Amino acid sequence: MTRKLFGTDGVRGQANTYPMTAEMALKLGQAAGRYFRRDGSNAHRVVIGKDTRLSGYMLENALTAGLTSTGMNVLLLGPVPTPAVGFLTRSMRADLGVMISASHNPHHDNGIKFFGPDGFKLSDAAEVEIEAMVEGDITPAQPQNIGRAKRIDDALGRYVEYAKTTFPAGLRLDGLKVVVDCANGAAYKAAPLVLWELGAEVIPVGVAPNGTNINEKCGSTYPQTAAEAVVAHGAHLGISLDGDADRVMILDEHGHVADGDQIMALFAARWAEEGRLQGGTLVATVMSNLGLERFLAAKGLRLERTSVGDRYVVEAMRRGGWNLGGEQSGHIVMTDYATTGDGLLAGLQFLAEMARTGQAASTLIRQFDTVPQMLKNVRFAAGKTPLEAEAVKAVIRANEARIAGKGRILIRKSGTEPLIRVMAECEDEAMLADVVGEIVGAVEAAV
């Protein structure tokens, strides 16, 4: 059975439209609750976190109803970053963790992500089983075994304290002025607080959520806002998080942006010097720049590529015993500290390197020269399958032959939005533009 509900990062869609309805959230809660209560005992608990979307209230209540109907005891965390859910699932000995968020998507979208008792996202196999249970009949708990729900008032404080422990004990952030853009999302309280308690002068941006302004002209997908604040305030660094704070973009003192590839290159090189980079390997997706691969090879390190999606990065890391990975989009996964991407912890590690070396952010964000890369998205309507059109396949084949030996092409359907992503890399920028343009044109003609 293939997954229909679940994409690369949980179940996601437009709020109050299938599958992001209260009815489906109820069923998902029932199915997940039954999946994790197979032994029939009553000592089961689940933690639920959310970001700041208006629809989070609706989905939180529906999930709670579904989970408690199967006998699960629900612990409500309120607005917390996605990595906090992974951390607290394990810390609170829960059987299941749930994060209600559509990450970097606009406010009208929402999503549901599940974490197992180890704090890691569920495997594809587990999601397939939960989907099958959603489609079948789910036996509710007996009346005397219905679960309880309780709000955990200090959940945010627990994550804040843990986040600080990941920063080197001998270092402080005194004298550093830091802009942190929280995207009006889940980290709007936690991120500024952690930075301030570690000694930084903090300029907070995107910390006034109203239910509909999450990721709106702010956050990691719109770093211009943080860049303007960095320059205006004369800050040493900008940290731009997304709506659920599991990804980050770093900005130097001039407002220039470093994506996840440059951040991973810095961490990999430093960890290798310290003997901390397990297996001499960094794990990244097929989207990461060819320049990163060349940078690592020059240092005797290797790049392990995976499919797009931080879940696949983490799965590869766990299989290989590697402890550093991520995505160009800003997911930085450090399994020494967290079970998923954590934008705040990645920002802290970058700040630690600034404090340790005394170097400016503008020096640290330029670890390698990127190979020219172009990415364009083509939106398509429901029911359309543009990549299956013969005309599109023919154009792709022709351009793959054209660019062979000079670069590479990657075309894929997004796992979180109705988009076809067309990406290519090539030293010849004129050829790069032509190749991407031809393929995008063919895809657009098919939608």
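The values are calculated or read from the model by the stated rules, or taken from the named source; none is laboratory data. Just so we're clear, the structure is a prediction, and the values are computed from it rather than from any experiment. Counting neighbours? That spans all protein chains shown, and the Cβs are built from the backbone with ideal geometry, glycine included. In case anyone asks, the SASA skips ligands and DNA or RNA and just uses the protein heavy atoms, side chains included. Shrake-Rupley method; radii C 1.70, N 1.55, O 1.52, S 1.80 Å.
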Check your understanding: Looking at (1) touching a residue at least 60 places away in the same chain (Cβ under 8 Å); (2) within 30 Å of L5 (Cα to Cα); (3) not in a strand (DSSP E or B), which is the one condition that is false for L410?
Key -> (3)
Review point. In segment 185-198, what residues are open to solvent by less than 10 Å² (accessible area, probe 1.4 Å) and either at pLDDT below 95 or part of a helix (DSSP H, G or I) (or both)?
Key: A190, A191, V194, L195
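With respect to N210, determine if the residue is crowded, with 24+ Cβ neighbours inside 10 Å, closer than 30 Å to A15 by Cβ and either among the polar types (S, T, N, Q) or modelled with pLDDT under 95 (or both).
The answer is no for N210.
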Exercise for review: Scan segment 413-432 residue by residue and report those that are within 29 Å of the chain's Cα centre (by Cα) and assigned to a helix (DSSP H, G or I).
Suggested key: L432
Exercise for review: Among the candidates D336, D369, single out the residue that is over 23 Å from the mean Cα position of the chain (by Cα), surrounded by fewer than 19 Cβ atoms within 10 Å (Cβ to Cβ), in contact (Cβ under 8 Å) with a residue 40 or more places away in the chain and in a loop (DSSP other than H, G, I, E, B).
Suggested key: D369
Revision key, fill the gap. Being open to solvent by less than 10 Å² (accessible area, probe 1.4 Å), of a type outside the set (A, V, I, L, M, F, W, C), touching a strand residue (DSSP E or B) at 6+ places or on another chain (Cβ under 6 Å) and within 19 Å of V11 (Cα to Cα) narrows T52, T82 down to just T82
Check your understanding: Looking at segment 163-184, which of the residues that are buried (at least 24 other Cβ atoms within 10 Å of the Cβ) and touching a strand residue (DSSP E or B) at 6+ places or on another chain (Cβ under 7 Å) is farthest from N210 (Cα to Cα)?
Key -> V178
Check your understanding: Considering only residues of segment 277-293 that are part of a loop (DSSP other than H, G, I, E, B) and out of contact with any Asp or Glu (no Cβ under 8 Å at 6 or more places or on another chain), which is least open to solvent (accessible area, probe 1.4 Å)?
Key -> L277
Check your understanding: Does L410 satisfy the criteria of being hydrophobic (A, V, I, L, M, F, W, C) and modelled with pLDDT under 95?
Key -> yes
Exercise for review: Kindly check whether there is at least one residue in segment 399-406 that is open to solvent by 40 Å² or more (accessible area, probe 1.4 Å) and either more than 28 Å from A297 (Cα to Cα) or in contact with a strand residue (DSSP E or B) (Cβ under 6 Å, 6 or more places away or on another chain) (or both).
Suggested key: yes
Practice item. Return the only residue of E327, E388 being acidic (D, E) and open to solvent by less than 50 Å² (accessible area, probe 1.4 Å). Key: E327
Check your understanding: Taking S91 and the conditions (1) touching a residue at least 60 places away in the same chain (Cβ under 8 Å); (2) farther than 30 Å from P143 by Cα; (3) of a type in the set (S, T, N, Q), which numbered condition does it fall short on, given that it satisfies the others?
Key -> (2)
Exercise for review: Looking only at segment 29-37, decide whether some residue is open to solvent by 30 Å² or more (accessible area, probe 1.4 Å), at pLDDT below 95 and not in a helix (DSSP H, G or I).
Suggested key: yes
Practice item. Go through (1) out of contact with any helix residue (DSSP H, G or I) (no Cβ under 6 Å at 6 or more places or on another chain); (2) among the hydrophobic types (A, V, I, L, M, F, W, C); (3) part of a loop (DSSP other than H, G, I, E, B) and name the single condition M249 misses. Key: (3)
Check your understanding: Is it the case that segment 3-16 has a residue that's closer than 20 Å to A149 by Cβ, open to solvent by 10 Å² or more (accessible area, probe 1.4 Å) and either of a type in the set (A, V, I, L, M) or out of contact with any Leu (no Cβ under 8 Å at 6 or more places or on another chain) (or both)?
Key -> no
Review point. When residues of segment 155-212 are filtered for being without any contact (Cβ under 8 Å) to a residue 12 or more places away in the chain and under 30 Å from Y57 (Cα atoms), how many remain?
Key: 3
Check your understanding: Looking at A235, A265, which is the one that is closer than 26 Å to Q367 by Cα, open to solvent by less than 10 Å² (accessible area, probe 1.4 Å) and part of a helix (DSSP H, G or I)?
Key -> A265
Review point. Under the condition of being among the charged types (D, E, K, R) and touching a strand residue (DSSP E or B) at 6+ places or on another chain (Cβ under 9 Å), which residue from segment 85-125 is modelled with the lowest pLDDT?
Key: D124
